[in-house]
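Working notes for the structure below.
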Amino acid sequence: MEDVVTHERARAFAHRRITRTDLKKWSGITVDGAGLLEDWQVFIGPAETSAQPLKSKRIIFMDTQDSHSFRNCASATLSSDGTLLAASFEDGDILIWRLSDSLLVQHLHHRDLSSSTPAEAAKFLVFCSRDKTLVSCSAGCETFWDIQSGHRLESPWRNSFCRPILSVVYAPNGVLSAVSHWKGTNVTLKDGRKMSSILVHGYIRKLSFSPDSLRLYIELKDSCIIFDTNTHKRIAIIQRESTRPLYCSMSYQGDRIVTASDDGKMKIWSAVTGRNLLTIKFPKILSTSVTFSPDGAEVMAACRADNTAIAYDSWTGGLRRVFQFSARAQHLLYSPNGAFVAVGTVNGDLQVFNARSGTFVAKFEGAGEGWDFKAIQFLPDSRTLLAQLSHGPLILYNIQDALRVR
């Protein structure tokens, strides 16, 4: 069966075609620079300890036009519907792929082609305007791109800010946006032409909006600020007693926030009021990875001490199941449909488990020590995983292939 699956993948890649409709929509679409199909190993079995290596395929995305073809990916982002992948590399250029067939649809020249001076890679990318526009931030400067034509657009924020931009996040309502500033400790909330500045004490780690766009969450190193987007006032601040790092994750429903800290405590808070709802005590040190299941029924955190992750009932705090890994978990997440748990370990292995039973499904072999993960993300289909390693290209893994072989 493994030969059938790998042959099907290879045949699909060999028959990729660019249609007239593609050319009309995408000015830069090309087979050159498309995702590359690579032979790899996947371990399948009833448990990881007894899993057997089988042939598999994975897709890698990199800047093949660069003489240093394995330049590191500096940043990457998916469109809201999961159909497009944008990535910036160390040479400063930005590439956009269509994930249905891995074709390169646009090459955005972030650097000045007439200059021999290399451009700095975009450290932040985000799709906006219903995925028709891409925003890139590099060295504190933002650039807006029309992704179909590849042209630069005039920034709607031109002369709006006195400080360079570090990152941008858009609210679900499509009206609000929040901007964190380069080497600063303030956030600008933009509502159409109206702007307000929020001063915070500490480095801004992440910005996010609630699903109803009524609240902005400003995640710092040791706390999380809840901000009302209508009154432009702070609602609450979630923090622990000490100044040790605090790691946060919001439920899909937007009603609760889970935090984990290295004192062994996992807490669940109201995302509306900031009130502490539940405290789960764990005797061992928890790691940075903490997350809700898509239905909000579970919370899961990784444990550094014994290479495990523990899932709890998010309402009662009762233990549900324990996942055992081959190495320390660096990233863990549920698939959008709640069927799988994916874990990226420090040795670059990507392991997949059945989320309901806790049974082992597959392990996609990593490259070893030093090839750990910067980020892992499920595509909306819940069968495909996008991985960004500490260095090298982006990688797309297909769980469905492993299930068919299994």
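Since every read-out is calculated from the coordinates, none of them should be taken as a lab result. Not measured: the values here are computed from a predicted model. A quick note on method: Cβ atoms are made from the backbone with ideal geometry, for glycine too, and the neighbour counts reach across all protein chains shown.
Some notes on this structure:
- Counting only aspartates and glutamates at least 8 places from K123 when in the same chain, those with an alpha carbon closer than 15 Å to its own are E90, D91, D93, E142.
- Amide hydrogen proximity for E90: with H placed 1.01 Å from N in the peptide plane, the residues at 5 or more positions away or on another chain lying under 5 Å are N72, A74.
- The length gained by stretching the chain between N230 and D146 to full extension, at 0.36 nm per residue less their Cα-Cα distance, is 27.2 nm.
- Among V105, V405, the ranking by other beta carbons within 10 Å of each residue's beta carbon, starting with the fewest, stands as V405, V105.
- Greater than 20 Å apart at Cα, pairs in K190/K221; K55/K363; K132/K374: K190/K221; K132/K374
- Debye, to nearest 20: dipole size of the chain, +1 on Lys, Arg Cβ, -1 on Asp, Glu Cβ: 980
- Under-5 Å amide H pairs with L153, H placed in peptide plane, nonlocal only: F144, W145, D146
- 3J(HN,Hα) along the range 347-359: 9, x, 6, 10, 10, 10, 10, 6, 5, 7, 9, x, 6 Hz, from the Karplus curve 6.51 cos²θ - 1.76 cosθ + 1.60 with θ = phi - 60°, whole Hz, x for Gly and Pro.
- Read-out Cα extents along the principal axes in Å, derived from the coordinates shown; its label in [x] 81, 53, 41; [y] 63, 45, 44; [z] 60, 56, 34: [z]
- Dipole in debye (nearest 20) - the range 259-391, about Cα centre, beta carbon charges: Lys, Arg +1; Asp, Glu -1: 340
- Size of electric dipole in the range 209-289: Cβ of Lys, Arg +1 and of Asp, Glu -1, about Cα centre, debye, nearest 20: 200
- Mean Cβ count within 10 Å, highest first, over the residues of peptides 208-214, 54-60: 54-60, 208-214
- Over the residues of the chain, the helix contribution to mean residue ellipticity at 222 nm works out to -2000 deg cm²/dmol, using -39500 (n - 2.57) for each DSSP H run of at least 4.
- Straightening the chain between R20 and E154 buys 45.3 nm, computed as 0.36 nm per residue apart minus the Cα-Cα spacing.
- Considering only H107, G366, A309, the residue lying farthest towards the positive end of the dipole of the chain is A309, judged by Cα position with unit charges set on Cβ.
- Burial ranking of peptide ranges 144-155, 319-330 (average Cβ count within 10 Å, highest at the top): 319-330, 144-155
- A protection proxy built from the mean count of other Cβ atoms within 10 Å ranks the segments 391-397, 256-262, 22-28, most packed first, as 256-262, 391-397, 22-28.
- Ranking F227, F209, I280 by Cα position along the charge dipole of the range 205-289, where only Lys, Arg, Asp and Glu carry charges on their C-beta atoms, puts I280 farthest toward the positive end.
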